[in-house]
Amino acid sequence: MSHASAPWSRPSPPVQDPPRTRSLFYHRLAHADPRHRWWMPLVEGLILLAVLLLLTIAFLLVMVFAAPERIDGDLLAMNQLDPVVFFILFGSVVLMLPSALLARLVLGPRPLGLIFSVTGRIRWKWLLTCFVAAVAIYALINAIAVGLELAAGGRPVSLQPAPGFWWLMALLIFVVPLQCAAEEVVFRGYLAQTIGRWLKHPAWAILLPVPLFVLGHAYDIWGQLSVGIMAVAMGIITWRTGGLEAAIALHAVNNMTVSLMAMVGLTDMNDTSGAPTDLIAVTLINGGYVALVFWLVRRNRSVAVTRTIVLPPLPQPARLPELGHRPSRLAEDASGLAAYVLDPATQRYLVLPPQYGPYSVRDGQGRYVGLLDTRTAHGAHTADDVAPAVPGEPSGDTSSESTSRPNGSDPHGTATPPSPGATPPPAAPGERDVAPTYTGRHDG
């Protein structure tokens with residue numbers, strides 16, 4: 001038996017498409033790690049709280065044994081300018097930083113530095129720039145306030161350094177910035193990225209952590225409103241600058257300014273009350289700082305505000321191998337009467353008995369699987385029948401579920417083979433599948 005041979009041209013190599021990329025803002029950085037899952041932030045939060053609780057208990061026990069005569073009753077009711085009380089109040093907050101980093105180290109996303117910025121690290125030069133900008137804004141607004149007070153007939157206040165001033169100054173320089181960084185890592189870092197893992201719009205990541213941040217400060221309504229305004233400002237600049245550096249700088253300068261003023265007698269550290277007029281100064285300071293940081297980001301193009309990731313390529317439709325790459329026993333078969341099923345997942349052939357086909361190959365669940373390779377050693381014999389497997393489900397045993405339809409049959413089902421050299425008839429409607437289409441899903 002012989003068949004007319006057809007020329008078989010070698011297909012041109014496929015054109016390589018450029019890699020697909022995606023840009024992520026800071027609050028969406030959990031999607032930069034393809035191994036990260038939606039539930040991981042919840043477990044990360046539990047680890048954070050557990051580690052923080054253990055570290056806080058250990059820290060307080062050490063302080064109680066180290067200075068029992070200085071700790072008596074409620075810390076908030078004690079003199080907060082006492083260096084020991086000052087260290088306990090600010091140092092206990094610093095413990096949030098190792099707790100958050102350890103929790104992130106356990107569950108990701110990777111790399112660890114994504115909690116600081118889109119570059120995966122702390123941008124020290126940018127942090128210093130923002131710190132100088134915050135100092136300038138605070139100095140300007142406070143100078144204006146003092147000038148207005150003096151113009152209204154006020155008298156200059158004499159400076160009275162608190163006892164243990166230099167100890168307090170050392171704590172102000174080394175502990176207060178760490179305390180501010182710890183709060184930012186938790187509230188503008190972990191919480192914002194947790195919310196951004198599920199909700200795309202940045203407003204959710206900016207606003208939802210604000211109530212928790214406000215409740216952590218024991219002030220009256222006016223003081224808490226001031227804290228809320230500052231929290232919103234820090235959330236905005238974190239999103240706009242692609243990292244925590246600008247928020248850390250603002251937070252640190254604010255706390256250092258308030259503490260320094262209390263250390264020289266200009267304000268009372270233990271006062272938790274506020275006034276409606278305080279909102280004016282807070283709005284001017286934070287609004288001015290946000291505007292200045294936005295201007296600096298536009299001027300400094302080296303400050304990355306998003307992280308670009310390369311997405312995995314979309315799965316390509318399965319292709320038949322070149323004739324010369326088929327197993328030798330298939331290449332030597334010149335009859336054209338056997339159909340060879342190629343499993344696209346394993347690239348292995350399943351040999352079906354010679355029939356006049358066409359074949360409808362299904363798995364145990366009745367789904368089409370494999371590619372029917374009916375080419376002869378000299379070229380194409382029939383059109384390739386394509387039947388993709390459903391992604392994510394096993395293909396089953398194709399050989400046991402393969403069925404053939406005779407070329408012709410009588411009412412009793414006996415096959416009548418065609419004359420030698422005849423072309424096999426086309427498949428019935430619905431019998432021949434279309435080319436496989438694969439879709440890839442990537443979290444938005």
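The values are calculated or read from the model by the stated rules, or taken from the named source; none is laboratory data. The structure displayed is predicted, hence computed values, not measured ones. Neighbour counts are summed over all protein chains in view; Cβ atoms, including those assigned to glycine, are modelled from backbone coordinates with ideal geometry. Heavy atoms of the whole protein, side chains included, go into the accessibility calculation; ligands, DNA and RNA do not. Shrake-Rupley method; radii C 1.70, N 1.55, O 1.52, S 1.80 Å.
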Practice task
First measure r as the distance between the Cβ atoms of residue 268 and residue 125, then evaluate 1/(1 + (r/R0)^6) with R0 = 45 Å and state the FRET efficiency to the nearest 0.05.
Solution key: 0.75
Practice task
Beta carbons within 10 angstrom, averaged per residue: use that to sort the peptides 274-282, 182-190, 156-164, highest first.
Solution key: 182-190, 274-282, 156-164
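At 1.4 Å probe size, with every protein chain present, just tell me what the per residue accessible area of the range 28-101 comes to in Å². Working shown, then result.
Working: 3960 Å² over 74 residues.
In whole numbers, the range 28-101 has 53 Å² accessible per residue.
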Exercise for the section: Along Cα→Cβ, 7 Å out, is where each label goes; now give me the distance between the ones at residue 165 and residue 56 in nm to one decimal. Expected result: 3.5
Fill in the blank from the handout: The answer for residue 24, listing residues at least 5 apart or on another chain whose modeled amide H is closer than 5 Å to its amide H, is 307, 308, 309
Practice task
Answer rounded, prolate or oblate for the range 71-182, using the Cα gyration tensor with square roots of eigenvalues a ≥ b ≥ c: rounded when a/c is under 1.5, else prolate when a/b is larger than b/c, else oblate.
Solution key: oblate
Exercise for the section: Assign one of three labels to the range 201-249, namely rounded, prolate or oblate, based on the Cα gyration tensor with a ≥ b ≥ c the square roots of its eigenvalues; rounded applies when a/c is under 1.5, prolate when it is not and a/b is larger than b/c, and oblate otherwise. Expected result: prolate
Handout entry: For the range 109-234: rounded, prolate or oblate by the Cα gyration tensor [a/c cutoff 1.5]
Key = prolate
Handout entry: Qualifying chymotrypsin sites (Phe, Trp or Tyr not before Pro) in the range 16-104, DSSP loop, other Cβ atoms within 10 Å at most 16
Key = 38, 39
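Would you mind getting the accessible area per residue of the range 123-205, heavy atoms of the protein chains only, 1.4 Å probe, in Å²?
Heavy-atom SASA per residue in the range 123-205 reads 58 Å².
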Exercise for the section: Can you send over the carbon and sulfur percentage of the accessible area for the range 193-266, probe radius 1.4 Å, protein chains only? Expected result: 76
